[in-house]
Amino acid sequence: MTQNLADASRPAAVPAARTTAATTGASRGGWWRDAVIYQVYPRSFADGNGDGMGDLPGIRSRLPYLRDLGVDAVWLSPFYASPQADAGYDVADYRAVDPMFGTLLDADGLIRDAHELGLRIIVDLVPNHSSDRHEWFRRALREGPGSPLRERYHFRPGKGENGELPPNDWESIFGGPAWTRSDNPDGTPGEWYLHLFAPEQPDFNWDSPAVADEFRSILRFWLDMGVDGFRIDVAHGLVKAPGLPDLGSHDQLKLLGNDVMPFFDQDGVHAIYRSWRKILDEYPGDRIGVAEAWTPTVQRTANYVRPDELHQAFNFQYLGTDWDAAKLREVIDLSLDSMRPVQAPTTWVLSNHDVTRHATRFANPGGLGTQIRTAGDRPLGLRRARAATLLMLALPGSAYIYQGEELGLPDVTDLPDEVRQDPSFFRQAGQDGFRDGCRVPIPWSGTEAPYGFGPVAGGPSWLPQPADWAELSVEVQAGDPTSTLELYRSALAVRREQPALGAGTEVEWLAAPEGVLMFRREAAEGSFVCTANTTGEAVRIAAPGRMLLSSTAEAAVESDGESVELPADSTAWWAV
């Protein structure tokens, strides 16, 4: 099943510098410390062959757009060979590209082109579970109990008189029990296997040396191809508590993120990442590992980025914070304080492929979480989203942008049930199954769907796009100084020009009215001040300096020379 690629072991090219050393993370001990990384969800970014599904050739054709946007690296969600039971997060072959996305040659060309444009490539890695179509799992089923292949997964006999009950009480994140009973080769009911997500995603047993060996080999395969790092899916889930003990709760999903679970955030995961760090350090060009680790506290997240482990971890506590000055200041301080002892950069993110886009979250009242089904007040949501983006990009550390947020895209909250494809939508009592709303293909050009997503006007797209997205396309927004796209381009350009932006680990909070955040960032070349008004009313403050950029498009920041009026729900950057 694995595709072969000639010359796959060639040394990787290091992306050419696009800015001076004074404005890059490389001059401060690693490009990734203040990098802006753009997430591409391959299904929904660009369709190169017109079949309605985004693919690697489509992404490759749009790389100049990402260079011009001003990002440093591109993170690609999974494109491996997969039955697509969970949009590619069920991998059947980790060394192959799924035909719907292209070939290994397409991947090789994409990596080469990105490097020539000064972009780095980070690929998703899914080590917690495989597809049930993975050859290891298929052989384990064929060979039955006692097969050595079964040691690579969590097969267990069931409880009850005839083994008819699951081995323990763990629940799937997608709903229902985390166990499915297999059939013996003769067709009789057999052992159960563990899957923390869909039944088509059996969990690996990381106590098996074969699993550890295989993933070290997979890392080297893609590093030899030239990738610059890995985003590690469910990085907190690889190791399970010895004996797989019952949890004792039948409302387990409410506990996630609040406590250390017997299947999440076990201390044993850190030995795995220490071994991976040694491999990453063997390769030139600062190859990195990024943890998707849902942990109870930011302090536990910091364990994943100790100096001998991974380089970054997603800051989900920040992502889930409401547009509220006091709450934001608290999580910013906590994040910086937690990462400082392990000498790791803090990361900042507002949207991704698993949560409601922040233009829609902020269009609704606070306190509703990261999965919201109502459109809310769209103009308000966009105004707050633009302000939140400038705030995020002013903080020390690395920032992540999810495709389409630079266009101000909202979530599509009214997709008909018959077009939805999120696997958890079809299961009861699981995580909210409405992730399709943030995965709708993005608009590039034209007046009718698929808006340049594919090469043919009126062609298909795997999820339908709203009729009003024509006015949000790249083509419409490019060159319009009031557009969200141009705001992102300007912000990323200023971030490169201002050494105080992104660098370091400190913010100096300044006195500000209630509901306003105001902080200074220092650099040898000069100071920088960020002001963020999270209230619904204009607020007057002393003028911090010369304004560099404002998030507001409809109301200018007014100044009388000594004081300025910050519009409602806005952020501004100032040179001091």
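If N is the number of residues in region 16-166, what value comes out of its Cα radius of gyration divided by 2.2 N^0.38 Å?
That works out to 1.37 for region 16-166.
Using +1 at the Cβ of each Lys and Arg and -1 at the Cβ of each Asp and Glu in the chain, identify which of LEU407, PHE215, GLY176 lies farthest towards the dipole's positive end.
PHE215
For region 210-369, which semi-axes, largest first and in whole Å, follow from the square roots of 5 times the eigenvalues of its Cα gyration tensor?
In descending order the semi-axes read 28, 21, 15 Å.
Need one number: convex hull volume per residue for region 417-576, Cα atoms only, in Å³.
So the per-residue hull volume is 186 Å³.
Counting pairwise Cα distances across region 386-491, what percent come out greater than 21 angstrom?
Pairs farther apart than 21 Å: 45 percent.
Largest first and in whole Å, what are the equivalent-ellipsoid semi-axes of region 77-199 based on the Cα gyration tensor, each being the root of 5 times an eigenvalue?
Computed over region 77-199, the values are 36, 15, 10 Å.
Please name which of GLY163, TRP206, TRP462 has its Cα lying farthest along the dipole of the chain towards the positive end, using unit charges on Cβ (Lys, Arg +1; Asp, Glu -1) and the Cα centre as origin.
The residue sitting farthest along the positive end of the dipole is TRP206.
Any idea what log10 I(q)/I(0) is at q = 0.21, 0.25 Å⁻¹ for region 174-266, Debye with uniform C-alpha scatterers and no solvent?
One equal scatterer on each Cα of region 174-266 leads to -1.19, -1.40.
Using modelled backbone amide H atoms (1.01 Å from N, in-plane), which distant-in-sequence or interchain residues come within less than 5 Å of ARG120's amide H?
Under 5 Å from the amide H of ARG120 lie the amide H atoms of ALA73, VAL74, each far enough along the sequence or on another chain.
Kindly count the pairs of lysines across the chain whose alpha carbons are less than 26 Å apart, treating pairs on different chains or eight or more residues apart as eligible.
Lysine pairs meeting the criterion: 5.
Pairwise over distinct Cα atoms, reciprocal of the mean inverse distance: report the Kirkwood radius of region 315-354 in Å, one decimal place.
Result for region 315-354, one decimal place: 10.7 Å.
Nearest 5 is fine: what % of DSSP beta bridges in the chain come out antiparallel, could you say?
Antiparallel bridges make up about 60 percent of those DSSP assigns within the chain.
Under the Kirkwood approximation applied to all pairs of distinct alpha-carbon atoms, what is the hydrodynamic radius of region 294-380 in Å?
Hydrodynamic radius (Kirkwood, Cα only) of region 294-380 equals 13.9 Å.
Quick check for me: using +1 on Lys/Arg Cβ and -1 on Asp/Glu Cβ, what's the dipole size of region 110-186 about its Cα centre, in debye to the nearest 20?
220 debye
For a Förster distance of 56 Å, can you work out the FRET efficiency between the beta-carbons of VAL419 and LEU165, rounded to the nearest 0.05?
0.95
Can you give the translational diffusion coefficient of the chain in µm²/s, computed by Stokes-Einstein from the Kirkwood radius over Cα pairs at 4 °C and 1.567 mPa s?
D = 53 µm²/s.
Give the dimensionless ratio obtained when the Cα radius of gyration of region 195-247 is divided by 2.2 N^0.38 Å.
Computed over Cα atoms of region 195-247, the ratio equals 1.37.
Of the heavy-atom accessible surface of region 127-207 (probe 1.4 angstrom), what whole percent is carbon and sulfur?
Of all accessible area on region 127-207, carbon and sulfur atoms account for 47 percent.
Using a probe radius of 1.4 Å on heavy atoms only, what accessible surface per residue do you get for region 466-576? Whole Å² is fine.
Value for region 466-576: 44 Å² per residue.
What three numbers, in Å, describe the spread of the alpha carbons of region 466-536 along their principal axes, ordered from the longest?
45, 31, 19
What ³J(HN,Hα) values, in whole Hz, does the Karplus curve 6.51 cos²θ - 1.76 cosθ + 1.60 give for region 240-245 when θ = phi - 60°, with x put for Gly and Pro?
9, 4, x, x, 6, x
The values are calculated or read from the model by the stated rules, or taken from the named source; none is laboratory data. Just so it is clear, the structure is predicted and the values come from calculations on it, not from any experiment. With ideal geometry, Cβ positions are generated from the backbone for all residues, glycine too; neighbour counts draw on all protein chains shown. With ligands, DNA and RNA removed, areas are computed over all heavy atoms of the protein, side chains included. Shrake-Rupley method; radii C 1.70, N 1.55, O 1.52, S 1.80 Å.
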